[in-house]
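The values are calculated or read from the model by the stated rules, or taken from the named source; none is laboratory data. These numbers come from a predicted model, not from an experiment. Here the Cβ positions follow ideal geometry from the backbone for every residue, glycine too, while neighbour counts run over all protein chains shown. Ligands, DNA and RNA are excluded from the accessible area calculation, which covers all protein heavy atoms including side chains. Shrake-Rupley method; radii C 1.70, N 1.55, O 1.52, S 1.80 Å.
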Amino acid sequence: MEQLIEVLEQTMASYGQLPGIIRAEHDAAIRADLGAITASGEQKQAVVAHIQKLEQRRAGVMHRLAGMLGLPPDQMRLSVLTERVETGQQERLQQLQNELQPLIEDVAKANRECRGVIDHCLRLVKSNLGFFQHWSGTTDVYGQSGNMCNSGLQVGRLVVQG
């Protein structure tokens, strides 16, 4: 049980790092600071990788606890476990469960908001690139033979003599 509490506390600490990283990423996206966006993304990836390792560890601990309690592993939840443990551990598990769920929801919300800002910035960049590509593209003109030719940076003119 102590291993589970330890893993949950480490998970909370890791999730607690994410809002600051996501805010930094959000601010960097607004400033269009690619270096800061990249650095924030790398930090976030490292924290998420650590959370994934903790989740694997938590799943292993829960599986062992399920065996000890005679419960199917797929039915093991913190709420189920809380009902079957000693009072001191029960209170700590409830507290962790109550703190962890809102934290995860806050991180998910902040991440969605940041993703929205980054998507908006990407759409702006694509739009601007399209604008500049349109105006910087080469112009097709009719050559003396009547065939279309690409004039590169030259501008062709059609003169009609009457």
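General remarks:
- Cα-based reach from Lys53 at 23 Å (exclusive), listing lysines while leaving out same-chain residues under 8 positions away: Lys44, Lys109
- Per-residue SASA entry for Arg57, accessible area with 1.4 Å probe, Å² rounded to 10: 100 Å²
- Positive end of the dipole of the stretch 1-131 (Cβ unit charges, origin at the Cα centre): among Ile37, Pro102, Leu4, the Cα lying farthest that way belongs to Ile37.
- Remark on the stretch 18-78: hydrodynamic radius 13.8 angstrom, per the Kirkwood mean of 1/r across alpha carbon pairs.
- Think of each Lys and Arg Cβ as +1 and each Asp and Glu Cβ as -1; about the Cα centre, that makes the dipole of the stretch 1-102 roughly 180 debye.
- Each of Glu55 and Ile104 was given a label point 7 Å from its Cα along the Cα-to-Cβ line. The distance between the two points is 0.9 nm.
- Apportionment of accessible area to carbon and sulfur, the stretch 1-93, percent (1.4 Å): 52 percent
- Solvent-accessible surface ranking, highest first, for Ser127, Ser40 at 1.4 angstrom: Ser127, Ser40
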